[in-house]
Amino acid sequence: MKNQPLILHIETGTAVCSVALSRGENLLSLRENTEGMLHAKLLAVFIEEILCEQDINIHQLDAISVSEGPGSYTGLRVGVSTAKGLCFGAHKPLIAVGSLQSLAMLAITRGLLPSPEACIIPMIDARRMEVYTAQFNHKGEQLSAIEAKIIDGFGFAELLEKQQTLFIGDGAEKCKAVITHPQAHFIPLQASAVGMIQPTLKAFAQQQFADTAYFEPFYLKDFVVKPRQTL
């Protein structure tokens, strides 16, 4: 087990702030907050707690992985900035994991699929009836491009006629009343750094590292600053 890579995982693409430490496929420690956007306050604390709990320092890590998006602009900035700082300071490689892919892998590893070959549709809330989404198969392989999709009752009709489909993520619950096909299954599964472990290990084995100096989150949509209204 000691020969397996020791990796710190940072997931901040949604309202969940999640940090995990793994040795190979084994989860060693996890810290999560699901009570709102407290990433800037809690992320460094979670990282320090996990390292102290396992009695290791940042230089003993083999890599650091971070959620690359799409998702919350602020959350992604906090996570990526922190991960890059740690990688620079400790001279460790950076691995970027798609937020939707980690959600899909979380559903698979927890055995949540309604059938062995069900399609997985992770959804990250993008406000109103819009979500960031893509399609994944039962192996966690991405089948469609990531898009910002406005949800209505017809968007997944063709897919649902063919197979059972699992909708997950913080954007899925609001779509439950709109997507009413009998083959549609909804689980309010929230993002977690645990879902990053498998994709990170694959990237590490293939030496697929991000350029720490130039890596930026995948926002999908431009961040728009709304002017403050004056009375």
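Would you please classify the overall shape of the range 1-116 from the alpha carbon gyration tensor, given that a ≥ b ≥ c denote the square roots of the eigenvalues, rounded means a/c under 1.5, and beyond that prolate means a/b larger than b/c while oblate covers the rest? Oblate is the answer for the range 1-116, as a/c is 1.5 or above yet b/c matches or exceeds a/b. The amide H of Glu68, built 1.01 Å from its N in the peptide plane, has Val97, Gly98, Ser99 as neighbours under 5 Å, considering only residues 5 or more places off or on other chains.
In square angstrom, what is the accessible area per residue of the chain with a 1.4 angstrom probe? All intermediate terms of the calculation are to be shown ahead of the outcome.
Numbers: 11830 Å² over 231 residues.
For the chain, the per-residue accessible area is 51 Å².
Give the shape of the range 19-83 as rounded, prolate or oblate, defined through the alpha-carbon gyration tensor: a ≥ b ≥ c are the square roots of its eigenvalues, a/c under 1.5 means rounded, and otherwise the shape is prolate if a/b is larger than b/c and oblate if not. Intermediate results must be reported in sequence, preceding the final value.
Values: a/c = 1.87, a/b = 1.56, b/c = 1.20.
Judged from the Cα gyration tensor, the range 19-83 comes out prolate (a/c at least 1.5, a/b above b/c).
Taking Cα atoms only, the orientation of helix 39-53 departs from the longest principal axis of the chain by about 50 degrees.
The C-alpha atoms of the chain define a longest principal axis, and helix 73-90 lies at about 30 degrees to it. Reducing the range 146-187 and the range 1-38 to their Cα centroids gives an inter-centroid distance of 28 Å.
Run the numbers for Asp152 and Val45: contour at 0.36 nm per residue of separation, minus the present Cα-Cα distance, in nm.
Values: separation 107, 0.36 × 107 = 38.52 nm, distance 4.03 nm.
In short, 34.5 nm is gained.
The long axis of helix 99-109 is offset from the longest Cα principal axis of the chain by roughly 90 degrees.
Each residue of the range 65-72 was assigned a 3J(HN,Hα) from its phi angle through the Karplus curve 6.51 cos²θ - 1.76 cosθ + 1.60 (θ = phi - 60°); the sequence is 10, 9, 5, 9, x, x, x, 5 Hz, with glycine and proline shown as x.
Beyond a 29 Å Cα-Cα separation, which of these cross-linked pairs lie in this structure: Lys84/Lys202; Lys139/Lys174; Lys41/Lys139?
On the way: Lys84/Lys202 20 Å; Lys139/Lys174 26 Å; Lys41/Lys139 35 Å.
Check vs 29 Å cut-off fails for Lys41/Lys139.
For log10 I(q)/I(0) by the Debye sum over Cα atoms at q = 0.11, 0.13, 0.17 Å⁻¹, computed directly from the structure shown, the correct entry in [x] -0.67, -0.84, -1.20; [y] -0.53, -0.76, -1.36; [z] -0.54, -0.75, -1.19 is [z].
What is the extension gain from Asn57 to Glu161, computed as 0.36 nm multiplied by their sequence separation minus the C-alpha to C-alpha distance, in nm to one decimal? If you can, show how the numbers build up before the last one.
Details: separation 104, 0.36 × 104 = 37.44 nm, distance 5.12 nm.
Length gained, Asn57 through Glu161: 32.3 nm.
The values are calculated or read from the model by the stated rules, or taken from the named source; none is laboratory data. Everything numeric in this text was worked out from a predicted model, so none of it was measured. For the accessible areas, the whole protein counts, side chains as well, though only heavy atoms, and no ligand, DNA or RNA atoms are used. Shrake-Rupley method; radii C 1.70, N 1.55, O 1.52, S 1.80 Å.
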